[in-house]
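Below is one structure; the comments refer to it alone.
The values are calculated or read from the model by the stated rules, or taken from the named source; none is laboratory data. Small disclaimer: the values here were computed from a predicted structure and weren't measured. Backbone-built Cβ (ideal geometry, glycine too); neighbour counts: all protein chains shown.
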Amino acid sequence: MYLCRWYYLAGFLFLPFLWAINSFWFYHEAFKKPPFQEQKDIKTYVIRSAIGASIWFIGLLAWIITFQINRSSWGELGDQLSFVIPTGRA
Amino acid sequence: MGIKGGKEDVTVRQTTYYNYCPVTVIVATEVRGCYSSVIIGLGLGRRFVISWSYSSHFSFVEWVILLSVEDCYWVENRSVTIRVTWIGESQHSEIFALMDPYQAVQMNERTTHGDRTNTKIYEPVTGALACFRRMNKTHQIGCSSKLTGNVGVLHLVDSDDALNWVSRDGPHSPYIVLVYADRFVNRTTMIQLRDSGRVSGVLLLNSKTLKLDAFSEENTCPNRGYGLYTDPKDPRYCEPWNSKGNGLLYEEWDFPIFYVTDPTQVESLTGCFSHFNEPVNGTARDWPLCAAQLQSHMLAAVDSETCIRRENVFSLQPSRICDPMGGRNVWGSLFARSQQQPYSNNSVIVIGARLDSSSMFDQLTPGADSAVTALVAFLETIRHLTSVKNDLLASKTIENVYFMLFSGEAFDYIGSSRIVFDMKSNRFPFSISDSTTSQPAILKLENIKYFIEFNQVALKGKIPPYYVHSLNADGFFTEIQNQGQKIDRPLKFEQVKIEKDNKNSQGLPPSSVHSFVTHRDDLPGVVITNHNSSYRNMFHNSIYDSASAINYEYSEAHNLDVQGKIATLSATVARTIVSLANLPSEEIINSIVPDVDYVDELLHCYLEAGNCLTFQHMIGHDQLPSDPFPTYVGVYNNLNPLAILTQNLLSTYQGVKVSKDLKECKRNYDNQTVEYVWINETCYETTVNWSLALSPAFETDGRISWSEWNSGMYSTWTESVWQKFTVRIFLKPSRTHEILTIVFGALVCLLSFIVIGWVSKKSDVIFPSRPDGIC
């Protein structure tokens, strides 16, 4: 429970993967095991982590798709945002 | 320390033995305790003309060109000796050679000791010249392949049926098209191939029996939009000077194009096609088919601005993607004249010509009529003038004669626009500096009395005359016609006629004079050519603009027409200039007579043999390539051997021999009016020098100079960087066959895991344990 909470809080530091891990790891504890004293808290943390991770996932997906499609038409901005520019094509 | 032109054996210590020769040659210089090195060259038996020079940061300027690396042989499996050939001198550098393991891996792929599977599958096509990518401010032109190369099934397109087969009917697309020059020159054929989307490459085949009437990859109006007529509404904006041009050079191809020069390779390609691929009675053949892989990946794309920006963007591995095109302008003046005697207005005659031409393929730019004939006429005229220069000193109307060779004119006047730019900023020949005691007098556009240019002067036969296209220069025309009639004709040759181009509506043909007249309206400019309205040269700026295209034969007693006409023209122009000098005596004019043999020798050197005697004397040794030097301008940071040889030649004409030995024959930094050059064991004191021919749109380090870039007045051409060009053919199986092979391989792999797994589980049953004591 302490770990779950810690991971949940740390995920706010722009660490969505931590939230994803959190929700997977403690999923079993939160939903599948017979109820115990701290299970309610763990449940809330797991659900919130899952929501946070999926928001990040959708946001990143949207950005990646836009960037890949539009990088060449963005000209100079596209080149400055790129780390490795492909050779021989726009 | 020091490299002197010639042959040299360089030894490399190495302990691992390879059965090939992967050696890299390095030229390095110690400058203030640090080594600055440039890596040049590769291994066994390959010939490279690669050049290198210092930038103006260093206080000396030297140049070395590596001509060849040959004779790589192992000595007792311990060290390798290679033989390198140079031209040029460098007193501050040393040659080193290194075993290059990266090259070793590459050589591995190429070895012909056929143990490798690679050599059993692929057959390389050697001597194929690639079409490469160039860019300007708004477009990219030329060809590029994918990073891994373009693969396609070979098909010979020599009829309309075959063309339809490739672009529409054939079932094995994508195709790599084999085509001869007579079909290639047809623009619609090539455009159709490109637009069909079923072509992944083109191989242009050289044929000795094919004789073409015309073949020009240049546009019908060269350098459109630059020079005097920049307004598209002006009727002179795009006059069809080059009427036979098909403009293929300026098209963008999304597949690679190679030119196969070697006839045996051409035969192997067509043989492979007819044996495996040729359709029988209109039906397609079955797999396996003969296919080829073309590799000519270009690193740059889009346009010059984008690629230069991408070079400068921060990244882990900074790399060169493209280079601005340019070279060296070679110039000189008849007299050395210091700044204490500035020129008056309209007192200096300037004679000009271009040094370069272009074509669609790398390394093949013979430029016979496009560049060389005018260059030779120019050289011969200068030679005549320098022989009477002491008499010309007395002239009151002409204060000096400047002669200039421009590099990069075929690409929107790179060289001439740069020189005019320097002139306008009062930087020509050198910018004024307080630290130098003696500098040559600044030449400004206002000082020019006449600008005379030679441009395409190959003529043959009785009838055609030379034409003088002039702007504000009627005085010159009267005089040159006068001299043309007076001059003694060399035996057997027809008189050289000179006529004025009277079609003023067409304007001036594309020539360097445009750059000058654009910046000074009333400048008297003259272009002397062999054509009136459209070019006589049917092979302008193309791969076929060679000696045979202009009917030139070296030393053939019955066929010295081309040489004779050029010799007479040069002498006539020289006489005209002397008569414009208004000297009291006519003797000097009459002393200038046409020298056909010398013109013949020059044409031979530039068109046929790079190792001719004249060039050997210029360089000081005989290790020169036997092919003629290409006239392509190249990129600005790469030395052009042609510019250097021509500069040395001009130095021997204009220069005076002085008795200095090699050590003393060096530039004097206090006196910029003359240079000291060591040619053929003599020291010459001469005014001949060179200046950077880089478009003003680029700064001297290749970055963009935005004010000039946006003005749209200067050339913006750059050339992409590439890594390698290879062409190879192989037999391609059908797609099903390929998939089956992979699946089979994967299954075998899986099976081996299962078998080993099972064996290791049952290991104690299969391998009974040995009782102790038995050996």
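Could you count how many residues in the range B:450-490 are among the acidic types (Asp, Glu) and in a helix (DSSP H, G or I)?
The number of residues fulfilling the criteria is 2.
Starting from the range B:138-159, take each residue that is farther than 23 Å from B:CYS272 by Cβ and within 13 Å of chain A (Cβ to nearest Cβ) and list its partners that are in a loop (DSSP other than H, G, I, E, B) and of a type in the set (A, V, I, L, M, F, W, C), counting only C-beta distances under 7 angstrom and pairs at least six apart or across chains.
Listed by first residue and then by second, the contacts come to B:GLN140/B:ALA301; B:GLN140/B:VAL302; B:GLY142/B:PHE132; B:GLY142/B:TRP253.
Looking at the range B:568-610 only, could you name the residues that are assigned to a loop (DSSP other than H, G, I, E, B) and under 19 Å from B:GLU553 (Cβ atoms)?
Correct list: B:PRO594, B:ASP595, B:GLU608, B:ALA609, B:GLY610.
Is it the case that B:SER207 is touching a Phe, Trp or Tyr at 6+ places or on another chain (Cβ under 6 Å), surrounded by fewer than 17 Cβ atoms within 10 Å (Cβ to Cβ) and either among the hydroxyl-bearing types (Ser, Thr, Tyr) or closer than 29 Å to B:SER173 by Cα (or both)?
So B:SER207 fits the description; yes.
Scan the range B:279-306 and report the pairs whose first residue is within 30 Å of B:GLN140 (Cβ to Cβ) and within 14 Å of another protein chain (Cβ to nearest Cβ) and whose second residue is assigned to a helix (DSSP H, G or I) and not hydroxyl-bearing (Ser, Thr, Tyr), with Cβ atoms within less than 6 Å and a gap of 6+ or a chain change.
Within 6 Å, the pairs are B:ALA300/B:CYS307.
For the range B:376-432, give me each residue that is touching a Gly at 6+ places or on another chain (Cβ under 7 Å) and in a loop (DSSP other than H, G, I, E, B).
Matches in the range B:376-432: B:SER407, B:GLY408, B:GLU409, B:TYR413.
Name the residue that is farthest from B:GLY712 (Cα to Cα), counting only residues in the range B:309-347 that are within 14 Å of another protein chain (Cβ to nearest Cβ) and within 22 Å of the chain's Cα centre (by Cα).
Per the stated criteria, the residue is B:ARG320.
If the requirement is being more than 19 Å from B:VAL526 (Cβ to Cβ), in contact with a helix residue (DSSP H, G or I) (Cβ under 8 Å, 6 or more places away or on another chain), surrounded by fewer than 24 Cβ atoms within 10 Å (Cβ to Cβ) and basic (Lys, Arg), which of these qualifies: B:LYS396, B:LYS389?
On inspection, the qualifying residue turns out to be B:LYS389.
From the list B:GLY127, B:GLY152, pick out the single residue that is closer than 30 Å to B:VAL179 by Cα, at pLDDT 65 or above and buried (at least 19 other Cβ atoms within 10 Å of the Cβ).
That would be B:GLY152, the only listed residue that is closer than 30 Å to B:VAL179 by Cα, at pLDDT 65 or above and buried (at least 19 other Cβ atoms within 10 Å of the Cβ).
Would you point out which residue out of B:SER505, B:SER585 is in contact with a Pro (Cβ under 8 Å, 6 or more places away or on another chain), small (Gly, Ala, Ser) and at negative phi?
B:SER505
Quick check on B:TRP331: is it within 30 Å of B:LEU645 (Cα to Cα), aromatic (Phe, Trp, Tyr), touching a strand residue (DSSP E or B) at 6+ places or on another chain (Cβ under 9 Å) and not in a helix (DSSP H, G or I)?
Here the answer is yes, as B:TRP331 does meet what is asked.
Of everything in the range A:55-90 that's among the β-branched types (Val, Ile, Thr) and away from chain B (no Cβ under 14 Å), which residue is farthest from B:THR148 (Cα to Cα)?
Top of the filtered list is A:ILE55.
Considering only the range B:295-308, I want to know if a residue exists there that is of a type outside the set (Phe, Trp, Tyr) and in a strand (DSSP E or B).
yes
Can you confirm whether the range B:469-477 contains a residue that is buried (at least 21 other Cβ atoms within 10 Å of the Cβ), in contact (Cβ under 8 Å) with a residue 24 or more places away in the chain, touching a Leu at 6+ places or on another chain (Cβ under 8 Å) and small (Gly, Ala, Ser)?
no
Residues in the range B:378-398 that are among the β-branched types (Val, Ile, Thr) and out of contact with any Leu (no Cβ under 8 Å at 6 or more places or on another chain): how many?
Looking only at that region, the number is 2.
When you check A:PRO34 against the structure, is it part of a loop (DSSP other than H, G, I, E, B), surrounded by fewer than 16 Cβ atoms within 10 Å (Cβ to Cβ) and either in contact with a strand residue (DSSP E or B) (Cβ under 9 Å, 6 or more places away or on another chain) or more than 14 Å from chain B (Cβ to nearest Cβ) (or both), yes or no?
When the stated conditions are applied, A:PRO34 passes them.
Scanning the range B:416-444 for residues that are surrounded by fewer than 19 Cβ atoms within 10 Å (Cβ to Cβ) and of a type in the set (A, V, I, L, M, F, W, C), which turns out farthest from B:GLY352 (Cα to Cα)?
Here the answer is B:ILE432.
Of all residues in the range B:686-702, how many are farther than 19 Å from B:ALA643 by Cα and in a strand (DSSP E or B)?
Adding up the residues that qualify gives 1.
So which residues in the range B:708-729 are over 30 Å from B:ASP231 (Cα atoms) and surrounded by fewer than 18 Cβ atoms within 10 Å (Cβ to Cβ)?
B:GLN723, B:LYS724 - these are the residues of the range B:708-729 that are over 30 Å from B:ASP231 (Cα atoms) and surrounded by fewer than 18 Cβ atoms within 10 Å (Cβ to Cβ).
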